[in-house]
Amino acid sequence: MDDALILVEDLCRHYVVGGETVRALDGVSFAIERGEWVAIIGQSGSGKSTLMNLIGCLDTPTSGSYRLNGADVQGLADDALADLRNKEIGFVFQTFQLLPRATALANVELPLVYRGMSRRERRARAEAALAAVGLTNRMHHRPNELSGGQRQRVAIARALVGEPSLLLADEPTGNLDTATGEEIIRLFDDLHRRGHTIVLVTHEPRLAARCPRAIRLTDGRVVGDGPGAEVATLGAARAVHG
Amino acid sequence: MTALLDTITMALGTLRANVLRSVLTLLGIVIGASTVVAMMSLTEGFRLKLTSDFAALGAGAFQVQKWPALQFGPHDHRKYERRPDLTREQGEALRELPHVAYVSIEEWARRPESLSTRERATKQSISVCGGLPDYERANGVDIALGRFISHTDVQLGRRVIVIGADVQDTLFPGQDPLGQEVRVRGVPFEVIGVAERQGSILGESKDAWAVVPWTAYERALGKVRNNNIAVVATTPDDAPRALEEVVAKLRRVRGLAPQEENDFEIFSNDTSAQLFDNLAKMVGAATFGVCALALLVGGIGVMNIMLVSVTERTREIGIRMALGARRRRILSQFLVESVVLSALGGLVGVLLGAGLALGANAIWQVPASIPAWAVIVSLASAGGAGLLFGIYPAARASKLDPVEAMRTE
Ligand SMILES: Nc1ncnc2c1ncn2[C@@H]1O[C@H](COP(=O)(O)OP(=O)(O)OP(=O)(O)O)[C@@H](O)[C@H]1O
Ligand SMILES: [Mg+2]
């Protein structure tokens, strides 16, 4: 298991709110190999986004260990983490997290800006990424001039533009109609086929069922881990597959 | 390079999004920068004017007066008033000094006059002097037409007049003025000479004058008891010696005891430069004070607005960090924003200050000249204030936690 891309062991993330401890993640362990496509499924508040932030090197666990690509993330300096997020990880946040005053194009260019890419090149790449999500005719719109689904697609284009080896998508189809959602999933499928690793958070069993593997969270614990089709229908089952 | 350009573009973008707020914030900086530029432009203008005024004195020349030429700071007007007048006899006594070549004793009316012919009149702006032949040398006058006043003119008290180029322009446009009649306070004088044009310095003409023999002046226009005395040394190198001799002689004839200070003022190129430097230093210090205060106020304004900006854009900062911006990059983004904001304020201030100085020059003929260094100093100190007061907000932005930052509304 040493060559796993993501290796989390007994990961905990606790929040102390008003003297009370919220165990958002409570001893989570799993490994994800390079090139896998894994769905994280669970009810609202089960800790999916918290887990994504940890995997994405945005947050630090209360306890437990997280190794990314064999390196202990807790041992990395701030700058190294920033570079890691910039080059290796593509985020689709649950709440999009677009810059409100920037156009769709500028939003998508942002990761490339921090990569120090030339203006011309990053513009070309951002345009291509927006075209891939079908937004060629909305490139110069600001987020508040876009529909929810369009914003979500901008967020996806931004996550993909840097061709990250690890794509973390938190409910990427939550605001999309079936047809558009389907297109996005096909996009992911294509990425997966080309060898990218994808972690996709969803609360839809139907979507999780289509993933080769799914991990089910309940109250910050892993309660199911196996082929997507099985785990998706598991409901609140207790069985834990290895 | 791309990074710096990106950072600056970003900074300009956010400033454009908040134009009104930016402008209000920058008031302090604008005031600071415009004060420096306006004050320094006026000081520089006065310096140039004085330099040229005294250059007209000619080499090796200096002037003796009862009144100081420039008075500044708290001064005792009565102290100068109580001084005995400089008399003609005292002036004449200087002629025997070994290193003195010319002594021009001059009676100047307190107010400028209007000169007229039957057809035309000048504005009330012509300085009329009762003088001696030595006036010509002591004041660097060149005669263009006719001749200057002679000893005979003075002895006989002839009503003759030598006019500056402005008087010629106004009273005798395109005509030969020699032999014509010019009236001063209704008294007719015959034009015997016209001086070569000396031009104007910073909007003030050097040709608005006329000289008549002092004898005729006293008879026709009344006696001015206090005289100005211009002295020319035998050679420019002898000027310091001539000056010493003049001071010693005047102290003697004016009966000063050894411990008493001079009861007259001497102006040479050197003393005027000194005098002016003192004035310039005081103006400079006052300007510096105003400026430092304005920059402090402006800087605090900038800090405040940057803190507001960091708070408002917390989510944006979180997003940038999540997408791979290093903390340093966030720091520099906010620092550059702060510097650009302040430097823009400085630029507006420079333009405003230059406008004020040039406006004062155009409206009131106050001399003004905008020194390049004042512009540079203003911009640099405005930018510097932005840098200094931007550090704290920028540091705050760069220390945010990305997850927390992205959760804020
Ligand atoms: N910053 C925080 N401070 C306090 N509690 C938090 C914080 N972030 C998350 N939590 C808590 O941690 C738990 C897990 O939250 P998380 O956002 O991971 O849920 P989720 O599975 O993503 O839910 P959803 O499907 O609604 O997005 C929740 O109970 C939430 O209240
Ligand atoms: Mg969530």
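The values are calculated or read from the model by the stated rules, or taken from the named source; none is laboratory data. Please read these numbers as outputs of a predicted model, since none were measured by experiment. Backbone-built Cβ (ideal geometry, glycine too); neighbour counts: all protein chains shown. Keep in mind that these areas ignore ligands, DNA and RNA; they rest on the heavy atoms of the full protein, side chains included. Shrake-Rupley method; radii C 1.70, N 1.55, O 1.52, S 1.80 Å.
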So what is the relative contact order of region B:130-276, in percent, for Cα pairs below 8 Å that sit 6 or more residues apart?
26
Once a ≥ b ≥ c are taken as the square roots of the eigenvalues of the Cα gyration tensor of region A:124-197, is the result rounded (a/c under 1.5), prolate (a/b larger than b/c) or oblate (a/b not larger than b/c)?
oblate
What distance in nm separates the two pseudo spin-label positions at A:Ser147 and B:Val247, each 7 Å out from Cα along the beta-carbon direction?
9.4
May I ask which of B:Lys123/B:Lys206; B:Lys206/B:Lys249; B:Lys206/B:Lys281; B:Lys49/B:Lys123; B:Lys123/B:Lys281 have a Cα-Cα span longer than 25 Å here?
B:Lys206/B:Lys249; B:Lys206/B:Lys281; B:Lys123/B:Lys281
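Which of the DSSP-defined H helices in chain B satisfy a minimum axial length of 30 Å, computed from C-alpha atoms, and a minimum mean Kyte-Doolittle hydropathy of -1.0?
For chain B, where a helix must reach 30 Å along its axis and average at least -1.0, the hits are B:27-55, B:269-312, B:327-364, B:372-398.
So if R0 is 22 Å, what FRET efficiency would B:Ile391 and B:Arg327 give, r being the distance between their Cβ atoms, rounded to the nearest 0.05? Walk me through the numbers before you get to the answer.
Values: r = 14 Å, r/R0 = 0.63.
After rounding, the FRET efficiency stands at 0.95.
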So what does A:Arg153 come to for accessible area, using a 1.4 Å probe and Å² rounded to 10?
40
Percent antiparallel among DSSP beta bridges confined to the protein assembly as shown, nearest 5, equals 65
Enter the accessible area of B:Ile31 (Å², nearest 10), with the probe set to 1.4 Å and all protein chains included.
90
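Give the calculated FRET efficiency between A:Glu121 and B:Leu5 to the nearest 0.05, with a Förster radius of 22 Å applied to their Cβ-Cβ distance.
Working: r = 14 Å, r/R0 = 0.65.
The formula returns an efficiency of 0.95 here.
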Solvent exposure ordering (accessible area, 1.4 Å, most first) of B:Trp364, B:Trp209:
B:Trp364, B:Trp209
Please arrange B:Trp67, A:Trp37 by accessible surface area, largest first, computed with a 1.4 Å probe and ligands excluded.
B:Trp67, A:Trp37
Separation between the B:Asp401 and B:Glu260 pseudo-spin-labels, each 7 Å from Cα along Cα→Cβ, expressed in nm?
8.5
Of every hundred units of 1.4 Å-probe accessible area on region B:84-263, the number belonging to carbon and sulfur atoms, as a percent, is 47
Once you order the gyration tensor axes a ≥ b ≥ c over the Cα atoms, which shape class does the protein assembly as shown get: rounded for a/c under 1.5, otherwise prolate or oblate by comparing a/b with b/c?
prolate
With every protein chain in place, the accessible area of B:Tyr392 for a 1.4 Å probe, in Å² rounded to the nearest 10, comes to 110
Which one of B:Gly255, B:Thr215, B:Ala242 has its Cα pushed farthest toward the positive end of the charge dipole of region B:143-292, where Lys and Arg give +1 and Asp and Glu give -1 at the Cβ?
B:Thr215
For region B:84-263, what is the charge dipole size about the Cα centre, in debye to the nearest 20, if Lys and Arg each add +1 at the Cβ and Asp and Glu each add -1 at the Cβ?
620
Identify all lysines with a Cα-Cα distance to B:Lys399 below 23 Å; exclude those on the same chain that are fewer than 8 residues away in sequence.
A:Lys87
Return the lysines within reach of B:Lys223: Cα separation strictly under 21 angstrom, same-chain partners fewer than 8 residues apart disregarded; answer none if there are no such residues.
B:Lys66
Suppose every K and R has +1 on its Cβ and every D and E has -1 on its Cβ; what is the size of the dipole of chain A about the Cα centre, in Debye to the nearest 20?
820
Positive-pole candidate from B:Thr311, B:Ala294, A:Ser165, dipole of the protein assembly as shown, charges at beta carbon
B:Thr311
Can you give the % of DSSP beta bridges in chain A that are antiparallel, to the nearest 5?
55
Net lengthening on full extension, B:Glu92/B:Ser127 (0.36 nm per residue, minus Cα-Cα)
10.3 nm
Per-residue ellipticity at 222 nm attributable to helices in chain B (runs of n ≥ 4 DSSP H, -39500 (n - 2.57) apiece, nearest 500 deg cm²/dmol) works out to -18000 deg cm²/dmol
Farthest positive-ward along chain A dipole, Cα basis, beta-carbon charges - from A:Val92, A:Thr202, A:Val17:
A:Val92
Taking a crude spin-label model, label points 7 Å out from Cα along the C-beta direction, the A:Lys87 to B:Ala380 distance in nm is 4.0
Can you show me the helix-derived [θ] at 222 nm for chain A, built from DSSP H runs with n ≥ 4 at -39,500 (n - 2.57) apiece and divided by the number of residues, rounded to the nearest 500.
-10000 deg cm²/dmol
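Just to confirm a number: summing +1 for Lys and Arg and -1 for Asp and Glu over residues other than A:Ala131 whose beta-carbon lies under 13 angstrom from that of A:Ala131, what do you get?
That works out to +2.
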